[in-house]
Each structure stands twice: as structure tokens, then as C-alpha cells.
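The values are calculated or read from the model by the stated rules, or taken from the named source; none is laboratory data. These numbers come from a predicted model, not from an experiment. Cβ coordinates were reconstructed from backbone atoms using ideal geometry, including for glycine residues, and neighbour counts include every protein chain displayed. These area figures cover heavy atoms from the full protein model, side chains too; ligands, DNA and RNA do not enter into them. Shrake-Rupley method; radii C 1.70, N 1.55, O 1.52, S 1.80 Å.
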Amino acid sequence: MHKLVPALVAEMGDAYPELKRAQAMIVENLRLEEERFKQTLERGLKLLEEESASVAASGALKGDVAFKLYDTFGFPLDLTEDILRGQNKKVDSEGFAACMAEQKARARAAWSGSGETATNKLWFELKDQHGSTEFLGYTQNEAVANVLALVQNDANVASANAGKAFLITNQTPCYGESGGQVGDTGVVLRGKDVIGTITDTQKPLPDFFVHTVELSAPLKTGEEVTLKIDVARRARIRANHSATHILHAVLHRVLGEHVTQKGSLVSAERLRFDISHPKGLSKEDVATIEAEVNRIIWQNSEVSTRLMSPEAAIEAGAMALFGEKYGDEVRVLSMGIDEDRSPSEPSATSHARAGGAQRGQTQKPFSTELCGGTHVARAGDIGVFKIVSEGALAAGVRRIEAVTNAGALEYLSGQDSTLRELALELKVAPDQLHDRLTTLMAERKKFEKELADAKRKLAMNDGAGAEKETIGALTFASRVFDDLAPADLRAIAEQTLKEIGSGVAMVGTGFEGKASIVVAVSADITANYSAVDLIKLAVEAVGGKGGGGKPNMAQGGGPDAGALPQAISAIKASLSQKAAA
């Protein structure tokens, strides 16, 4: 299907311009989805094959198995029915329906909605009554405001007592959480006296700001108060938010145009940025991304903002999120200087000047995006950028976490402190720590190998350790170890079989809580006794599934190491049954 995207863009690209902009991402995501579904389909078919093998002719597959195929592997019920119909088998449709109903009931019980219904309804009523909140936080850290409404104990009140309450004012300098940026905190003043602490600011409805406050004194509607944000916290949030814009542009250049933002969180402590990308970042990728982001930061260019229509902004090169809805007017934020592009190219914003550029020369911005968040005045205010983690979030989605400004300094100081403590423990200088750890790891690997070799030699030489018994005309030998590595079992099974000459040998170990088993059958009796058949019985006894190999030697395991005696009994019972026959 992904090969059809160019044809789709050619036919519909003019009507839906976002198809052209996101073509690389759409192709990549479709291709990955197709590959993943093929793998899932193969696993599902294997499960169906295993489960249907135990269903008698004209019988029915269990409903819970059909539901697992649907819920886990994406098999519609009719697909499972079609496959089984060719085998003259059916599906327990009533059992399937019961499992589906049970899952829906669990989902309904777990769903809590998006906040308390009564409170959500109240926000709509209050916005209808008082209108939108004017946000002043782009240019002001504090503002005088009128108290329009107070909510306490889920009710609209004319006067709020000391304690937790929600405050709605006509204007505010506090940013309401949205677009991944957390809400502001601060204080509420009556005159010069602090009468409350703002612990959060939310925006439950467009342009409607709700302050969560802890009041230390009563407050009435109609009063005039001063709202003041936590300036230091806001500065750290600004730095992290602006860094996400530069990071996004860098990822496009380093990883490819298919990279798009899938989510973000910008707090005072760190930034979190989720992207569409099919594989993990290498150490070299991380180093390149960090260096490039910091290069743009250290240009210290002015961050420029303009109000434009969404169409004009996108036409001018602003990056928009695929599928995102925008209003009639958007803020277009540009930062950094793209030194790899000609200054004569048209620029959406940015009249920033490089250190040696002539006044009046327009620079092409490195990053241009639509954004309603708060940002630094100059890129250099971000300070420094450091990636602290990168990993998989979902199929085809990676999560990058990073720190900037004071947060980066705290992180690097912590890393330095840990490094020095480790160096002190190992009695080396910090710059010699890597060599010392490499030596210690090599020594440990050597000792572990020597220990494993010693255990294996001891086990192989201890012939008396095998329990031998005659079952019919057959000799059966078994041995169980407590902590022998599974990789050593085959050699010991061969040695045990060599000691008895002809017959069956079983060797098992309980290693790290799990059971591993090897069954060996001498060549002269493999026509009647198969190691593959015997290993399946042993594996089932220890809670596992499958097991395989060749008629003369097979291996498998399971989660229950304590059931190894039962595995021996299962093999003995099978041998006895054959001997009696």
C-alpha cells in the first residue's frame, strides 16, 4: 500500500496540501505498519495452527482463543472462521461474544473521563458568562486582574475560604497548560500581601484560563488582585520549549524528513519530545544532534514572532503538525540562522542578524513553527542542550528527553559527582575510570568462564552423579543440576549417553529460576524412540511449550525449575508405556 502514496499525492495533493508536506512520513509509517502487521499475522497464524490442531473434526475452537486472535493479533472473527471452515471446524461464537462483552465492561469501569463531569460543565457555564481570558504572559510577568469567578468544592461561589480553590480572572500573565507546555505557578496578592499560591494554571476551554490556588485568606468575586508568575520557573520552561523547536529542525536534517512530532512535554525540569522514527538513535546520532542544537543555540540569534494566517504561515515555510487544527490567526515563531541556505531565499520571519552580518541583510531562520507557547528572547538564553535519554515509546515512535539551562548544569554536575565517586571507589583518576572498568569487566568475564568450565568438567567427570535404571530392555539415565549454565547441558548429555552405551539420557538444570532440559537418544534406538517426542513431554512438565531438535538430541525449557523431577517422571512413564507395548 505504501507504494500507492505518490499516486494519491498526485491526485489529491492540491486539495490536501498536507499530503505533500507529510508524504515522506506517510510512506514510512505505512511501510512499517505493513511489515509489523505481516509479523503479527504470522504469529497469529502459528497460534491458530497450534490451537486448532487440538480441535476434533467438526469441533469448535474455544471462544477465548478466537478473542485472543482478535484482540492481540488483529484477526477479525470472520477471518478465523474462514480459515477453520477449510478444516471443517467452527468457532465458539458465544464464547467469543462473552469475552468481548467482558472486555467492554472492564473498559467502561476503567474509564474516568476527562475530569469531573460537574466541574467540566461548570467551566462552560462560566466561560459563557464571563467570556475569554486575556493572556498577557508573552510580555508581562505580573498583572492586576479582576476576580470574575471562584470555584470551591465543585461549586461556583461568591466568596472562597482559605484552602484550595479555582480562580478565574479577566486577564492573567499565567500560561495555561497546552501544546505540551505545563501551566505556570506563582502567587496571588491583595495589595502588597500574598493571599494565595498559584499551584497550576489550566486551559480547560480555548482562551479560558483557570488558576488552581491555595488561599491563605478569604477571597471574593469582584475584588482586584495581582497575579505574579514564578519568573525563575518560567525562564526554565521557556528555555526547554525553545529547545524543542531547534531540536525538531535538527532531527529533520540529521534523521530525515520523515521525522514528525508525535507529542511533547515541556516543564521546568526537562523537555520530552516524541517523534516518528523507525529505529533507535545510535551514539553517533545523539552526539551529532546535541552538537547541532548547541551550535544553533550559541549563535544567540534573536527569536522572532509574527501573527499570520495558518495558510500564509505554512506557505512561508512554517512547520505545522499533520492533522492539527489551527484558528484564524497563529503565532509563527522563528529562531536560529540557517547557515546552509542562501540569505536571499524567502524567509517566513526572522530578521535576526549573525555576528558578522551586515545590518539589513535578512537571514534564513533555522526553525520556523506555529506555536502558542512562551519562548526565550534570544537563542543563547537556552544556555546549553543535553540529551539524557532516548528510547522506544511505541511502534515507530521514539522518545527523547533532554535538559537545558540550569537543568543541564544540574544534570552535568550530578553526572560529574557520580563519576568522581566511582573513581574514588576504584582508586583511579576520573579520566582513567573507563580503562579500569574495561579491565575489571574482562577479568570478571575470564573468571566466569573459568568457573563455568570447572563446573562442566566436574559434572562430566562425576559419573556417579547420573541415576540409571532399566526400563524394559532400555537403560535410562538422568541428571539434574542446581546452577549449571544451559549451554553446558548438551556436552553432559552426550557424556552421560556415552557412559550408558545404549539408551536414553536426560540432563536438566535449574538456572536463574528457569528449567532447561536436554534429552539424548543413542543412534541404535532412534527408530523407536525420538528425543523430540520425549523433550516435549519434559518441557510440558516444567510449564513450557514446544522444545525441539533432532531424533538423537533435543532441547527445551520452562519457567518452573522446581518441576524437573516431574519432567524425569514424564519421560520414564513414556518409556515404560512403550516397553509394555
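So I have (1) 174; (2) 262; (3) 142, and one of them is volume of the Cα convex hull per residue in Å³ calculated from this model. Which one is it?
For volume of the Cα convex hull per residue in Å³, the calculated option is (2).
Under a 1.4 Å probe, what is the accessible area of the range 354-444 per residue, stated in Å²?
56
For R378, list long-range residues whose amide hydrogen, built 1.01 Å from N in the peptide plane, is under 5 Å from its own amide hydrogen.
Result for R378 returns V303.
Ignoring ligands, DNA and RNA, what percent of the 1.4 Å accessible area of the chain is carbon and sulfur?
51
For the range 27-102, report the accessible area per residue in Å² (1.4 Å probe, heavy atoms, rounded to an integer).
61
Distance check, please: which entries in K62/K262; K498/K550; K46/K279; K468/K536; K514/K572 exceed 29 angstrom between their Cα atoms?
Check vs 29 Å cut-off fails for K62/K262.
Accessible area, 1.4 Å probe, largest first: how do M1, M553, M441 sort?
Result of the area sort, largest leading: M1, M441, M553.
Can you give me the solvent accessible area of H2 with a 1.4 Å probe, rounded to the nearest 10 Å²?
Its accessible surface works out to 40 Å², give or take rounding.
Karplus couplings for the range 121-130 from phi (6.51 cos²θ - 1.76 cosθ + 1.60, θ = phi - 60°), rounded to Hz, Gly and Pro as x?
Per residue, the Karplus-derived 3J(HN,Hα) values read 4, 5, 4, 4, 5, 5, 5, 4, 7, 10 Hz.
Using only Cα atoms, find the angle between the long axis of helix 405-425 and the longest principal axis of the chain, and express it within 0 to 90 degrees, rounded to the nearest 10.
40
Nearest 10 degrees is fine. How inclined is helix 564-580 to the longest principal axis of the chain, computing both from alpha carbons?
For 564-580 against the chain, the angle is about 40 degrees.
Suppose all protein chains stay in the model; what accessible area per residue would a 1.4 Å probe give for the range 201-271, in Å²?
Result: 37 Å² of accessible area for each residue.
Which semi-axes, in whole Å and largest first, does the equivalent ellipsoid of the range 2-94 have when worked out from the alpha carbon gyration tensor as the square roots of 5 times its eigenvalues? Don't skip to the answer; put the middle values down first.
On the way: eigenvalues 306, 30, 22 Å².
Over the Cα atoms of the range 2-94, the ellipsoid semi-axes are 39, 12, 10 Å.
Restricting things to alpha carbons, find the Rg to Rh ratio for the range 411-512 using the Kirkwood radius for Rh. Show your work: numbers first, answer last.
Numbers: Rg = 22.7 Å, Rh = 17.0 Å.
Rg/Rh: 1.33.
Given H placed on each backbone N at 1.01 Å, which residues far from F481 in sequence or on other chains put an amide H within less than 5 Å of it?
G508, T509, G510
Sorted by accessible area with a 1.4 angstrom probe, largest first, how do C174, C371 fall?
Putting C174, C371 in descending order of accessible area: C371, C174.
Where the only charges are on Cβ atoms (+1 Lys, Arg; -1 Asp, Glu), what is the dipole of the chain about its Cα centre, to the nearest 20 debye?
Numbers: 66 positive and 78 negative charges, 156 e Å.
In total the dipole reaches around 740 debye.
Can you tell me the orientation of helix 433-461 relative to the chain, as the angle in degrees between its alpha-carbon axis and the longest Cα principal axis, to the nearest 10?
It is inclined by approximately 20 degrees.
Quick one: accessible surface of E34, probe radius 1.4 Å, all protein chains present, in square angstrom to the nearest 10.
Using a 1.4 Å probe on the heavy atoms, I get roughly 70 Å².
Any aspartates and glutamates with Cα under 14 Å of the K578 Cα? List them, leaving off those in the same chain fewer than 8 positions away.
Result set, ordered by chain and number: D533.
Let's see if you can work this out: charge +1 on each Lys and Arg Cβ, -1 on each Asp and Glu Cβ, no other charges. What is the dipole magnitude of the range 388-547 about its Cα centre, in debye to the nearest 20?
Working: 19 positive and 24 negative charges, 55 e Å.
The calculated dipole for the range 388-547 is roughly 260 debye.
Starting from the Cα of K220, draw a straight line to each of the lysines and keep only those under 29 Å, dropping any in the same chain fewer than 8 residues away.
Candidates past the 8-residue exclusion: K121, K127, K164, K192, K203, K228.
Near the amide H of V91, under 5 Å away, which other amide H atoms are found, from residues 5 or more places off or on another chain, if H is placed in the peptide plane?
Those lying under 5 Å, H to H, from V91 are L61.
Averaging sequence separations of C-alpha pairs under 8 Å and six or more residues apart, then dividing by the length of the chain, give the relative contact order as a whole percent.
It rounds to 8 percent for the chain.
Can you give me the orientation-averaged projected area of the convex hull built on the Cα atoms of the range 140-253, in nm²?
Working: hull surface 30.3 nm².
Over every viewing direction, the Cα hull of the range 140-253 projects on average to 7.6 nm².
At a probe size of 1.4 Å, how large is the accessible area of R233, to the nearest 10 Å²?
Per-residue accessible area (R233): approximately 60 Å².
Just to check I understand the Karplus step: with θ = phi - 60° and J = 6.51 cos²θ - 1.76 cosθ + 1.60, what whole-Hz values come out for the range 5-22, glycine and proline as x?
4, x, 5, 4, 5, 5, 7, 10, x, 6, 6, 10, x, 5, 5, 5, 5, 9
Kirkwood hydrodynamic radius for the range 195-333: how many Å is it when counted over pairs of different Cα atoms?
Numbers: mean 1/r = 0.0547 Å⁻¹.
Kirkwood hydrodynamic radius for the range 195-333: 18.3 Å.
Quickly work out the S132-to-S178 label distance, labels modelled 7 Å from Cα along the C-beta direction, and quote it in nm with one decimal.
Here the answer is 0.8 nm between the modelled labels.
Report ³J(HN,Hα) in whole Hz for each residue of the range 208-220, in order, from the Karplus equation J = 6.51 cos²θ - 1.76 cosθ + 1.60 where θ = phi - 60°; Gly and Pro get x.
Taking θ as phi minus 60°, the curve returns 10, 9, 10, 9, 8, 10, 10, 7, 9, 8, x, 9, 10 Hz for the range 208-220.
Dividing the convex hull volume of the Cα atoms of the range 461-581 by its residue count, what figure in Å³ per residue is obtained?
Cα convex hull per residue, to the nearest whole number: 87 Å³.
When only the heavy atoms of the protein chains count and the probe is 1.4 Å, how do H245, H434, H130 rank by accessible area, highest first?
Output order, biggest surface exposure first: H434, H130, H245.
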